[in-house]
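What follows is calculated from the coordinates using simple rules that are stated; it is not laboratory data. Note that this is a predicted model, so its numbers are computed, not measured. Don't worry about glycine lacking a Cβ; one is built from the backbone with ideal geometry, like all the others, and counts go over all protein chains shown.
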Amino acid sequence: MPQPCAPRRRYGTLDEARTTLRARFGYPDFRAPQIRAIEAAVAGGDALVVLPTGGGKSLCYQVPALMRHGLTVVVSPLISLMKDQVEALNRRGIAAAYINSTLAQADATERLARARDGTLTMLYLAPERLEAGRTLEKLSEIGVALLAVDEAHCISEWGHDFRPSYRRIGAIRERLGAPQTIALTATATPEVRTDIVKQLALRNAAVVVAGFDRVNLTYHVVTANTQQEKDRTALRWLRDANGPAVVYAPTRKAVERLTGVLIRGGVKATAYHAGLNDRLRQRAQDAFMEERARVIVATSAFGMGIDKPDVRLVVHHAMPGAIESYYQEAGRAGRDGQPGQCMLLYSYPDRFTHEFFIKSAHPERHVVEQVWRALGAAADSAHRVHMTVEELVQRRPLSSVGAREVGAAVRVLLSHGLCHSIAPAPGRVWIRLLASPARIRRELSGERQFDLEVLRVLWRAIGARLLTGAPVDLDGLPPGLGGAIGLVPVLTRLETHQFVSWSRTGGGYQLDPRSAGGNSLALNWSGLERRRRTDMARLDAMQQYAQSRYCRRAYVLRYFGDPEARTYCGACDRCLGLAHGPVSLPTPTVPDGRQSVFLRAAPRRA
């Protein structure tokens, strides 16, 4: 246990922080909501900072980090996000680095050595990396002056993106000697804020909640009963949008389809989702950032850490599952302070999709117990199970449960430490053919002849089992195909275009020997049920927003507990008295009186 902490040391004044801000980041002053956070940080106290997307959360720990001696550790959930932030800091001459799964062990060791010798100011880590190997032990020896926890809502089981690894940061903080801690998030309800403070054991924390009222944004909900109505409405708004736009779609397949609709409609659009490999995602992002594509159509995988201030329109092609997700994504419009439009295309069946995902994410108790028994039956004498979820689901009686629920049950077991993943073998994959022979012959020709040859070789190796999915050793296929190294990019390309689905296999699970063989699972079943109910309540709140007859801005601000909430904003479709049909184009007035240049429609009576 750490020794009782000495009184907090003051690291400077607000004026000294302003000097650091101007000298290192080039900004003339902090925004009003940032000031309270900076004052708490330079005074040496803990803080919880809740500022919306684009509100400048990062500066609330980066500036204090530069005002003291010692290492600042930043917990960040996304590899791309920490990479972008570190590169931005390095361009400003600030010694920052990250350690994540993309690094070789030698590079990670070198960066920890820089932290030890004092030449590194900030070190970014994922929470899983903090627990890996001897990282935590080494950081304890080095000493952590400041701990910054980004995306802190992931700590709370009431948060919209709860991650068990984040839940353990409180214990990690204690092992680091309970250093001064700043937790930051863009979306946290009062209940989530209370839980963050409790889980991190923050002492006398300054809780800064401000800036949620983005007065330059106008909110609209358009009811569209069919996918075709949604497509037509989105196309009209996007054609008339005066500047870059982001369109969020719920699935990879929807992203690809909608991108095609927009391109055929004359809109320069590009697709972005997690199913694309790194090179294709970077190409899509660069095209949007450099405005070679005016519109990017994306899943929620796009946006974290993307700093494009001049987005004029954000369209949600389907209702998200939570206000938190919607507000964070919609908030990527108008980050330059100029007018921006946020449009949600709403259809009641959108709810059914989210109910399906919630049910899949929170399997029933009997399913979890059934999966646990199946794992136990398949385990060897060392409690190892050498099969993937896809292979596991083919065993009776799990074949009647379904892959999605089996996968969710395995994730529950993993998150509670009842089993651990074994890394897959490089050349072992599980492949399933999705496309029909006619489509393969029609589309895989010319430049894609090699892709066609790969599918032919797979069919010869597996036969009809390819239709339902089967394991394949890529390194055991004819040598002219290039083995795993040459075939993985081909499979990724084929999956992107919906010809196959595939995943690595040959790994499996290591069961906890203390629990293996037992029929009774040490799980917090009531906690899992609370989590399911919380997700359903969050979905209910999102639907109420879409169906509300009153001020939409007020609804959102009250949801987040913002004290600035009013009953009338004058800048949402309800307050403006706008009747949105599936293809109507309203003419809202933004709060400063300027007219949007691309919205035209007749108002209705309130």
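What percent do you get for the relative contact order of region 73-183 when only Cα pairs under 8 Å and 6+ apart count?
Details: 143 pairs, mean separation 32.7, N = 111.
Taking the mean separation of contacting Cα pairs over the length of region 73-183, I get 29 percent.
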* To do: Classify region 7-92 as rounded, prolate or oblate, taking a ≥ b ≥ c as the square roots of the eigenvalues of its Cα gyration tensor: rounded when a/c is under 1.5, otherwise prolate if a/b is larger than b/c and oblate if not.
  => rounded
* Structure fact -> The aspartates and glutamates whose Cα lies under 15 Å from the Cα of Lys198, excluding any fewer than 8 residues away in the same chain, are Asp46, Glu157, Glu174
* To do: Kindly provide log₁₀ I(q)/I(0) values, in the same order as q = 0.16, 0.17, 0.18, 0.23 Å⁻¹, from the Debye equation applied to equal alpha-carbon scatterers of region 428-504.
  => -0.50, -0.57, -0.65, -1.13
* How much mean residue ellipticity at 222 nm does the chain get from its helices, if each DSSP H run of length 4 or more adds -39500 (n - 2.57) and you divide by all residues, to the nearest 500 deg cm²/dmol? -> -12500 deg cm²/dmol
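Please work out how much length the chain gains when fully extended from Tyr348 to Arg257, using 0.36 nm per residue of separation minus the C-alpha to C-alpha distance, in nm with one decimal.
Details: separation 91, 0.36 × 91 = 32.76 nm, distance 2.08 nm.
The Tyr348-Arg257 span can extend by a further 30.7 nm.
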* region 180-238: C-alpha gyration tensor shape, a/c 1.5 cut-off, then a/b vs b/c -> prolate
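Hydropathy first: keep DSSP H helices in the chain averaging at least 0.0 on Kyte-Doolittle, then drop any whose Cα extent along the axis falls short of 15 Å, and list what survives. Could you put the intermediate results ahead of the total?
Details: long enough: 14-25 (16 Å, -0.66); 32-42 (16 Å, 0.66); 79-91 (18 Å, -0.25); 105-117 (18 Å, -1.32); 190-200 (16 Å, -0.41); 227-240 (20 Å, -1.94); 252-264 (18 Å, 0.02); 278-289 (16 Å, -1.28); 350-361 (17 Å, -0.45); 365-378 (20 Å, 0.09); 403-415 (18 Å, 0.92); 449-462 (20 Å, 0.61); 483-496 (20 Å, 1.02); 525-547 (33 Å, -1.34).
Taking the DSSP H segments of the chain (at least 15 Å long, mean hydropathy at least 0.0), we get 32-42, 252-264, 365-378, 403-415, 449-462, 483-496.
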* To do: Could you work out the relative contact order of the chain, using alpha carbon pairs under 8 angstrom and six or more residues apart, expressed as a whole percent?
  => 14 percent
* Structure fact -> Here the relative contact order (percent) of region 428-504, from C-alpha pairs under 8 Å and at least 6 apart, is 51 percent
* **Per-q log10 I(q)/I(0), region 14-209, q = 0.13, 0.18, 0.19 Å⁻¹ (Debye; single scatterer per alpha-carbon; no solvent)** => -0.64, -1.30, -1.45
* Environment charge at Arg549 (Cβ cut-off 11 Å; Lys +1, Arg +1, Asp -1, Glu -1) -> +1
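Which of Thr496, Thr270 has the fewest other C-beta atoms within 10 Å, and how do the rest follow up to the most?
On the way: Thr496 17, Thr270 21.
Result, fewest neighbours first: Thr496, Thr270.
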* Exposed chymotrypsin sites (Phe, Trp or Tyr not before Pro) absent: longest stretch of the chain, with sites in DSSP loops and at most 14 other Cβ within 10 Å deemed exposed -> 1-549
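Can you tell me how region 207-296 classifies by the Cα gyration tensor, rounded, prolate or oblate, using a/c under 1.5 as the rounded cut?
On the way: a/c = 1.59, a/b = 1.16, b/c = 1.38.
The shape class here is oblate.
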* Extended-chain gain in nm, criterion 0.36 nm per residue less alpha-carbon gap, Ala361 and Arg465 -> 34.6 nm
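Quick one: compute a quarter of the convex hull surface over the Cα atoms of the chain and quote it in nm². Write out the running numbers ahead of the final one.
Details: hull surface 117.4 nm².
Orientation-averaged projected area of the Cα hull: 29.3 nm².
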* Asked: Out of the DSSP beta bridges found with both residues in the chain, what percent are antiparallel (nearest 5)?
  -> 25 percent
* **Greater than 26 Å apart at Cα, pairs in Lys83/Lys268; Lys230/Lys268; Lys57/Lys308; Lys268/Lys308; Lys57/Lys359; Lys57/Lys83** => Lys83/Lys268; Lys57/Lys359
